[in-house]
Amino acid sequence: MSSNYKIEIKNIYKVFGADPSAAIAKIKGGASKSEILKQTGNVVGLNDVSMAIEAGHIHVIMGLSGSGKSTLIRHFNRLIEPTSGQVIVDGQDVLKFSKKELEHYRRNKVSMVFQRFGLCPHETVLANAAFGLKVQGVPRAEREEKARYWLEQVGLAGVEKHYPRQLSGGMQQRVGLARALVNDPDILLMDEAFSALDPLIKSEMQDQLLQLQKKLNKTIVFITHDLDEALKIGDRIAILKDGELVQQGTASDILMRPADDYVKDFIGGVNRYKAIRVSHLLRKVPLAMVKGGETFADARPAPTGTVRVNQPLEEVMPLLMGTDSSLAVHNDEGVLVGHLDKAEVMKALYH
Amino acid sequence: MFPEMIDPRVFRGVVDDSIEQFVIQWATSLEEFFYPFLQLLNFFESVLLNSPWWLVVGVVSAAAYASARKLSLAALIAVAMLAIGFLGLWEDGMRTLALMLVCTLVATAVGVPLGILMSWSNRFRAVMLPVLDIMQTMPSFVYLIPAIMLFGPGKIPAVLATVVYAVPPLIRLTDLGIRQVDDEIIEAAQSFGANRMQKLFWVQIPLALPSIMAGINQATMMALSMVVIASMIGAQGLGFQVLQGITRLEVGRGLMAGLAIVLLAVVFDRITQAFGKRAQAHLHTNS
């Protein structure tokens, strides 16, 4: 294994239609998606997408409908085969797997959560959650015990005997999440997992996912069309447009340094007070010390008041208004991690 | 006059000869192959005929209750069965019931796997669709004649003809049912590493079950409409009574037997439909 990345996809092209190779030749010749559709009748799903995903992070892939994001996520577990390219997980090329190896990979290493849940309506919640283990041939008692544990973890204790249709959307998706976690996969693929839920439940599920992730440290690939969601949960965000990657980076990269007008438009509608978090603008303590070669109490005036890293700007505004320089920033354990400069905040808000 | 391109007599002669050759070569082995069906049919017949009538009525209405969990349906089915007895057609009714049971079993054993194969392969489907059209529209006497040449008049060609006529809707509805299973549920099963058989038995068949049950229901109804023709080639039972009514111009006899066929149809229809509805129970309830 030469790379530090959990998942790398390299130069993925996906063309839907009768003659993909002709279409690919045209793409490489610089033709646009609509020209190719007109000339060859083939639909370009993905156009030379490459990305690398670190272990233990939430990597959000964002795009509007038709951007190819659901197609892309299905390449990670080969529900869709690319026309060309590589999908490398833990140093192995998933596309070279035999049928048996692919089954083994899907059973043990990667699980998926679906937009419309994809639960079996004829099975109980418990049987649904245990599905992955049933596929592996795990005896009933053992798989149901594990399924019960994970149902409890996602807050569904007591509904094991119900059928999916008897539950609300949010609860059904919790079953979907439990089902994905029961296999104890390294990688969790979430295809618009919360998009079908109403806003309140959606926000609850996002919080729960972040909570779980703190304990589990999975590598999560999360698809969404919702920028607020992407900014809230994504350690890294990739923006997809017409099957092409337009920008990859952290939430603050996207918000502060949009790569082009498309991304600018995209973030234009975002409520920056809510979307931008203290962490995005953080001036880290150690960095200041190294840079200046002196103490961190550099030329700027000493901070007044303290805030926490993951608070949105909206919550720290009152404090910030009361200061004319910067605020001290603490992490959840109460350790000083850096400063939030008023000037930076003003710049970010009125970008 | 339409211009004559080929001599139809030559063509007919070729077909006649090859069928004759086929019969000479294969009659014995085919008869051996189908012998178990005959045994099964005889077994059902003797069980139904040797059991006391009240036991048969009881078992059939118990099956109705098991399928619907409704006493009203069980009672209706019991009344229908008793009515067949009151019409004086108990024995013929039992023979027809046995024939129906065997035909339904054979049709299910043949039709469901074929429907599954059709749903898997578009190529196989393209081949099967015209075959099914032919099976449904070709007048049954056309294939009854070679069947009688092979097996002689009797119950085997009767079962064959009935199954050929009754199985197409079951095959179509199985194919349709499996193709209509929600893609996302299939993808979910695949994403957990389910192989083809796990996917089939744990996801596709259970979710297609309402459609498959509708197919079995259709197959039984079509099979019942074949009993008169089946009786012409040696199957006994209600069809034979209808046939005698026609040939002897005894309208009363024909009407009574016809009524008994309708009553049997009601029995089969209600029981298979109730099974279909129960198969849907969890698929479409919202609470």
- [ ] For an R0 of 30 angstrom, estimate the FRET efficiency from the Cβ-Cβ distance between B:GLN280 and B:LEU71 and round to the nearest 0.05.
- [x] 0.90
TODO: Select from B:SER67, B:ILE246, B:VAL15 the residue farthest towards the positive end of the dipole of the protein assembly as shown; place +1 on Cβ of Lys and Arg, -1 on Cβ of Asp and Glu, and compute about the Cα centre.
DONE: B:SER67
Task: Which listed pairs, of A:LYS100/A:LYS241; A:LYS214/A:LYS274; A:LYS214/B:LYS199; A:LYS100/A:LYS161, have C-alpha distances above 31 Å, in listed order - done: A:LYS100/A:LYS241; A:LYS214/B:LYS199; A:LYS100/A:LYS161
Open item on the list: Report the gain in length on full extension from B:PHE201 to B:VAL262: 0.36 nm times residue separation, minus Cα-Cα distance, nm rounded to one decimal.
Closed with: 18.5 nm
Open item on the list: With the crude spin-label approximation of a point 7 Å out along Cα→Cβ, what separation in nm comes out for B:ALA27 versus A:ALA55?
Closed with: 7.6 nm
- [ ] Go through A:156-165, A:175-184 and give me the packing order, highest mean Cβ count within 10 Å leading.
- [x] A:175-184, A:156-165
Task: the range B:9-280 pair-distance distribution - Cα-Cα, 5 Å bins, rounded % - done: 1, 6, 11, 14, 16, 15, 13, 10, 7, 4, 2, 1, 0, 0
- [ ] Return the subset of A:LYS69/A:LYS232; A:LYS14/A:LYS96; A:LYS96/A:LYS146; A:LYS69/A:LYS96; A:LYS202/A:LYS284 for which the Cα-Cα distance in this structure is over 27 Å, preserving the input order.
- [x] A:LYS96/A:LYS146; A:LYS202/A:LYS284
Task: Net length gained if the chain between A:SER32 and A:LYS214 were fully extended (0.36 nm per residue, minus Cα distance) - done: 61.3 nm
Task: Longest DSSP-loop-exposure-free segment, GluC sites (Glu not before Pro), chain B, at most 16 other Cβ within 10 Å - done: B:5-249
Task: Proxy reagent accessibility, fewest Cβ within 10 Å first, across A:LYS96, A:LYS284, B:LYS199 - done: A:LYS96, A:LYS284, B:LYS199
Open item on the list: If I model a spin label at B:MET138 and A:ASP324 as a point 7 Å from the Cα along the Cα→Cβ vector, what separation in nanometres do I get?
Closed with: 9.9 nm
TODO: Report, in debye and to the nearest 20, how large the dipole of chain B comes out about its Cα centre when Lys and Arg carry +1 and Asp and Glu carry -1 on their Cβ.
DONE: 780 debye
- [ ] Estimate the FRET efficiency between A:SER195 and A:ASP265 by the formula 1/(1 + (r/R0)^6), using the beta-carbon distance for r and 35 Å for R0, to the nearest 0.05.
- [x] 0.95
Open item on the list: I need the calculated FRET efficiency for the pair A:ALA22 and A:LEU95, taking r as the beta carbon distance and R₀ as 22 Å, to the nearest 0.05.
Closed with: 0.55
Task: For the protein assembly as shown, size of Cβ-based charge dipole, Lys and Arg +1, Asp and Glu -1, in debye - done: 540 debye
Open item on the list: Just to be sure I understand the rule: take each whole DSSP H helix in chain B, project its Cα atoms onto its long axis, keep it if the span is 15 Å or more and its mean Kyte-Doolittle hydropathy is at least -0.5. Which ones pass?
Closed with: B:8-50, B:53-68, B:71-86, B:90-120, B:122-137, B:140-151, B:155-179, B:205-224, B:251-280
Open item on the list: Using Cα springs under 10 Å in a Gaussian network model of chain A, which residue among A:VAL337, A:VAL49, A:VAL94 shows the largest mean-square fluctuation?
Closed with: A:VAL337
Task: Radius, Kirkwood style, for chain A when every pair of distinct Cα atoms is counted (Å) - done: 22.3 Å
TODO: Could you line up B:VAL10, B:VAL227 from fewest to most neighbouring Cβ atoms inside 10 Å?
DONE: B:VAL10, B:VAL227
TODO: For a footprinting-style exposure proxy, rank A:LEU197, A:LEU64 by other Cβ within 10 Å, fewest first.
DONE: A:LEU64, A:LEU197
TODO: Excluding A:PHE194 itself, calculate the net charge of residues whose Cβ lies under 9 Å from the Cβ of A:PHE194, where each Lys or Arg counts +1 and each Asp or Glu counts -1.
DONE: -2
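No value in this document is a laboratory result; all are computed from the given coordinates. This one's a predicted model, so the numbers in the text were calculated from it and none came from an experiment. For neighbour counting, all protein chains shown are included, and Cβ atoms are generated from backbone atoms with ideal geometry for every residue, glycine included.
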